[in-house]
Amino acid sequence: MKKAVFVILFAFLISAVSKAQMYTDFTLPDIDGNDVTLSKVLENSKGVMVGFWATWCTPCKEEMKKLQEVYSKYKDQGFEYIAISIDNQKSTAKVKSFITAQNYDFKVCLDPEKRIFESFGGKDEVPYSLMINKNKEIVALHIGFKTGDEVKIEEEIKSMLGIK
């Protein structure tokens with residue numbers, strides 16, 4: 001009996017992990033009301049980091065600040081960054097003013113129903129970020145952020161872009 005429970009639990013865990021690792025195409029509105037489609041962004045880049053965040057999340061804000069620097073450094077070499085806000089309908093109005101105040105120039109989209117977030121395996125914790133290569137493979141996953149994590153993220157970006 002214990003073995004059967006273990007096998008079922010193990011199968012469930014494998015399923016949950018693999019779900020988080022699956023590529024899902026999406027189209028979401030950006031903060032200006034324009035549609036952004038992941039597959040189209042990938043067609044014109046060497047790889048994309050998709051980061052889910054919220055205005056109430058302090059680690060998210062820190063990650064975005066650090067990733068603006070990294071994005072500026074690698075955007076001309078084929079790197080794209082899409083920050084997807086999971087703020088609810090009430091707080092989405094804060095998103096554009098926050099992004100504008102910070103002078104961020106990467107793509108920022110809205111997912112107030114958290115459909116895309118959940119389709120990539122997101123649960124409750126943000127920031128939740130995925131690195132997706134040109135072949136639509138998820139090559140890295142990050143949950144949470146603390147200062148210094150940007151060093152590892154930059155190394156993953158360089159690897160994805162083929163930079164030594």
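The values are calculated or read from the model by the stated rules, or taken from the named source; none is laboratory data. Because the structure is a prediction, the values reported are computed rather than measured. Don't worry about glycine lacking a Cβ; one is built from the backbone with ideal geometry, like all the others, and counts go over all protein chains shown.
Some values worked out for this structure:
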| item | result |
| --- | --- |
| Among the residues listed as 147, 100, the single one being surrounded by fewer than 14 Cβ atoms within 10 Å (Cβ to Cβ) and over 24 Å from residue 32 (Cα atoms) | 147 |
| Segment 40-54, residues that are assigned to a helix (DSSP H, G or I) and within 14 Å of the chain's Cα centre (by Cα) | 41, 42 |
| Close pairs (6 angstrom Cβ cut-off, 6 or more residues apart or separate chains): in contact (Cβ under 8 Å) with a residue 12 or more places away in the chain in segment 56-72, crowded, with 20+ Cβ neighbours inside 10 Å and of a type in the set (Val, Ile, Thr) anywhere | 57/126; 60/126 |
| Segment 87-98 residues that are touching a residue at least 24 places away in the same chain (Cβ under 8 Å), paired with ones that are aliphatic (A, V, I, L, M) and part of a loop (DSSP other than H, G, I, E, B) (beta carbon under 7 Å, 6 or more apart) | 87/54; 95/31; 96/31 |
| Test for residue 126: is it closer than 17 Å to residue 28 by Cβ, among the aliphatic types (A, V, I, L, M) and either buried (at least 16 other Cβ atoms within 10 Å of the Cβ) or in contact with a Lys or Arg (Cβ under 9 Å, 6 or more places away or on another chain) (or both) | yes |
| Out of 82, 153, sole residue that is at pLDDT 95 or above, in contact with a Lys or Arg (Cβ under 9 Å, 6 or more places away or on another chain), closer than 16 Å to residue 46 by Cβ and outside any strand (DSSP E or B) | 153 |
